[in-house]
1. Considering only DSSP beta bridges where both residues belong to the range 8-122, give the percentage that are antiparallel (nearest 5).
2. Residues in the range 73-105, backbone N under 20 Å from the label point at Leu22 (7 Å along the Cα-to-beta-carbon vector): list them, ranges by number please.
3. Relative contact order, percent, of the chain when contacts are C-alpha pairs under 8 Å separated by at least 6 residues?
4. Highest GNM mean-square fluctuation, the chain, Cα pairs closer than 10 Å: which of Ser32, Ser56, Ser81?
5. When the chain is treated as a GNM, springs tying every alpha-carbon pair under 10 Å, which of Leu60, Leu39, Leu22 comes out with the largest mean-square fluctuation?
6. For Rg/Rh (Cα atoms, Kirkwood Rh), several values are listed as (i) 1.06; (ii) 1.02; (iii) 0.92; flag the one computed from this structure.
7. Which residues among the range 87-123 fall inside the zone where the amide N is under 17 Å from a point 7 Å beyond the Cα of Ala12, along Cα→Cβ?
8. Using 0.36 nm times the number of residues separating Asn49 and Glu90, minus their current alpha carbon distance, what extension gain do you get?
Amino acid sequence: MALPTDIVTVPAEEVWFNAPCLSEQVTALKLSNPGNRLLGYKVVSKVENRYVVLPSQGALQPKKDITINIICHPFPFRSESPPVDTLIIEWVDAFESETDFNEDWFVMGGIVRKKVLSVKFNP
């Protein structure tokens, strides 16, 4: 079974928020599918109460892109020890006959690919 096409992200490696994180902040992340097949994607964070991703999952059409919002909720920020947070993007080829997102693509489908983005904070 072939690997799914790589998803392209903008920004490529890290997303940024402004410290000291006293109010809710939103940044955008663009996901692009340069391939010829429909992809299913999910974006998750290891720190559930700090970040919300909208939409956190969906179907990404071939040769198309989607802009998702990453919301950072206020939290006690310590400049001497900033958090080491990441966002994980997972994607997989969709089933041939389907066009709407299906969680089963990740369970019974093909190879699940992953990309990790660092979350950084401006001082």
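1. Numbers: 34 of 39 bridges.
Approximately 85 percent, going by the DSSP bridge assignments.
2. The answer is 73-83, whose backbone nitrogens lie closer than 20 Å to the label point.
3. Details: 283 pairs, mean separation 41.7, N = 123.
Result for the chain is 34 percent.
4. Result for the chain, Cα springs under 10 Å: Ser81 fluctuates most.
5. Leu22
6. (ii)
7. Taking a point 7 Å out along Cα→Cβ of Ala12, the residues of the range 87-123 whose backbone N falls under 17 Å are 115-119.
8. Working: separation 41, 0.36 × 41 = 14.76 nm, distance 1.98 nm.
Gain on stretching Asn49 to Glu90: 12.8 nm.
Laboratory data are not the source of any read-out in this text; all were calculated from the coordinates shown. None of these values were measured; they are calculated from a predicted model. All Cβ positions, even for glycine, are placed from backbone atoms using ideal geometry, and neighbour counts span all protein chains on display.
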